[in-house]
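The numbers here are math on the coordinates, done by the rules we state, and not lab data. Note that the coordinates shown come from a computational prediction; the quantities given were computed from them, not determined experimentally. Cβ: placed from backbone, ideal geometry, glycine included. Neighbour counts: every protein chain shown.
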Amino acid sequence: MPVWEGDVMKTARYLCWLLALCLALGFSAAVLAQAQSAGQISRMLPDVNLQHGTRVQLASAGEKVLWGDLVTTDRNGRARIVLDDGSILNVGSDSQIRVVQHDAATQRTQIQMAYGKLRASAIRLARAGSSFEVRTPTAVAGVVGTDFALEFANDLTSVHVFEGSVNFCNLSGSCVTVAAGFSGVIRGNQSPSPATPTTPSTAVQSVQNTSMSGGAGGGSAGSAAGAGGAGGSGTGAAAGAGVAAAVSHSAVIITTAIVSVVVPAVVVPVTTKTTSCSNPVASRGAVGRAAVLPCGTGKR
């Protein structure tokens, strides 16, 4: 066989291999891109950074969030992420979370929170093997159809449950179940503390920490405070009911409602006590109106 024919065959084989590789890579990239979709940022308050791989950019409303993406808010920034299965993540100020995994088909979600505040409203899990977990450096919160808030700072993880229940564990696997209206705490690598009733003020504050001004996050404070009231005393229940009745889209009004119920204004009539007379003296003042004078005054 001539030399040039051998070169042609080698070139043809190379081109076929290259074409097959390109097709395979293109198909894999399409499948991977589809599999990595986690949700999108529906609302935000500047500034919020979104990191795709090594690329960091300022986020914008409507932007896609993929598996492995890092969302970081500054001291004034907040973000609401709607996951593909309808679950909602409200990220508070000075917070950082990573969407490690979110598979809407299998209902498997894992979120990592490095620091800050996060409120998660997870849809009810119905598939076998489904899970929704939020991990901090000291704890794991595993939920089932739950609305809860999680905070991590200074080696302390706190959870406040508004609906459903949370399996709250340290990294060694020591767990406690935290029901609606209760809170749990894990400090460092210590075992979880026993769940305690969430006070109405704590419930409202945890909602406000992650709410979007004028959004649904603020409007949910009534149910949050109601959960706190259900787990607490009669005063807490009254506060929860007051907020549920008076809540509006303004976080300021929510706070006012709590204060007005927890510390009700008591109007005490102010009266002047005088010695009673069997025969009060009537006198006519300068303006011509009759007045009753105390005993021992006026002319008889």
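Computed over neighbours whose Cβ is under 15 Å from that of residue 137, the net charge equals +1, Lys and Arg +1, Asp and Glu -1. Computed from backbone phi with θ = phi - 60° and the Karplus coefficients 6.51, -1.76 and 1.60, the 3J(HN,Hα) list for region 74-90 is 8, 5, 10, x, 8, 8, 10, 10, 9, 6, 4, 8, x, 5, 10, 10, 9 Hz; x is used for glycine and proline. Less than 5 angstrom separates the built amide H of residue 45 from those of 78, 79, all sequence-distant by 5 or more or on a different chain.
Applied to region 64-71, the Karplus parametrisation 6.51 cos²θ - 1.76 cosθ + 1.60 on θ = phi - 60° returns per-residue 3J(HN,Hα) values of 6, 10, 10, 4, x, 5, 10, 10 Hz, with x for Gly and Pro. A simple count of charges around residue 51, restricted to other residues whose Cβ falls under 10 Å of its Cβ and scoring Lys, Arg +1 and Asp, Glu -1, yields +1.
Hey, what did region 111-209 get for relative contact order, percent, Cα under 8 Å, at least 6 apart? Before the final figure, lay out the partial values.
Details: 235 pairs, mean separation 21.2, N = 99.
Across region 111-209, relative contact order equals 21 percent.
Within the shell of other residues whose beta carbon sits under 11 angstrom from the beta carbon of residue 72, the net charge comes to -3, with Lys and Arg scored +1 and Asp and Glu -1.
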